[in-house]
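Heads up: the structure comes next, in structure tokens.
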Amino acid sequence: MLPNNCQMALKEWAITVEAMAQGDQVLLMRKGGIHEDGKDFRVIHREFLFYPTYLHQKEDLLQPAHQPALRKLLERPHDDGHITFSHWAKAEEVLEISEQEKVDDLEPHYIWTAAYAQSRLHWKPMLPLSVLLLRVYKLEQPVTVPYLPEYGGCTSWVEVLSNVNLGRLEPVLDDAGFQRRVDDIKGSLGLTVAAG
């Protein structure tokens, strides 16, 4: 059963949110924002809105095929005084990886460069990298809320003060398409996949 509203949001690059909204990517790799509680990322919420952010996105951190999409995204007008939520996600699984070759094996499944993905792994090397396998849904209507100073800073999770009405959620990928993506990711990691 899908919820009707949500207040928790996860900050992620707008270009990554766009890739997930189009079904081009179903995984996120996280170790946390600089000002995270305890300084490391925790999957404390398995259901959340995507909060698109515009800081730190750079063409050279994306695979060449995805660089034109970032250029287009940055050409669009952007209102810093408001946040627009258009997609909601549910973490169906959270995997932890610690080896560089596993990050490299996942390269076909993400839009960033392997070097950028590895930098996420190598930051705080004692901690594993969380790989979230996300089922992404489109909100019935985009919801725009005013930006508040407490939403700022390098944190992953933001509790939105107003309840965001999700309306009727539409999955970006159908069940079979999503399961194929998950199986491909697990296969890349050498994990057993669900029997079809």
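At-a-glance table
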{"item": "Extension gain from E93 to L148, taking 0.36 nm per residue of separation minus the Cα-Cα distance", "result": "16.7 nm"}
{"item": "Three principal axis lengths of the stretch 108-196 [C-alpha, angstrom, descending]", "result": "44, 36, 20"}
{"item": "Compactness of the chain as Cα Rg over 2.2 N^0.38 Å, two decimals", "result": "0.99"}
{"item": "Extension gain, H82 back to Q63 (0.36 nm per residue minus Cα-Cα distance, nm)", "result": "3.9 nm"}
{"item": "Per principal axis, descending, Cα span of the stretch 155-196 in whole Å", "result": "42, 28, 12"}
{"item": "Charge dipole (debye, nearest 20) of the chain; +1 at Cβ of Lys and Arg, -1 at Cβ of Asp and Glu", "result": "140 debye"}
{"item": "Subset of K11/K58; K31/K186; K58/K102; K58/K186; K11/K102 violating a 26 Å alpha-carbon distance limit", "result": "K58/K186"}
{"item": "GNM result for the chain, Cα springs below 10 Å: residue of A176, A89, A115 fluctuating most strongly", "result": "A176"}
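Every number here is computed from the coordinates shown, using simple stated rules; none is lab data. Fair warning: this is a prediction, and the values are worked out from it, not measured in the lab. So basically every Cβ, Gly included, is an ideal-geometry build from the backbone, and we count neighbours across all protein chains shown.
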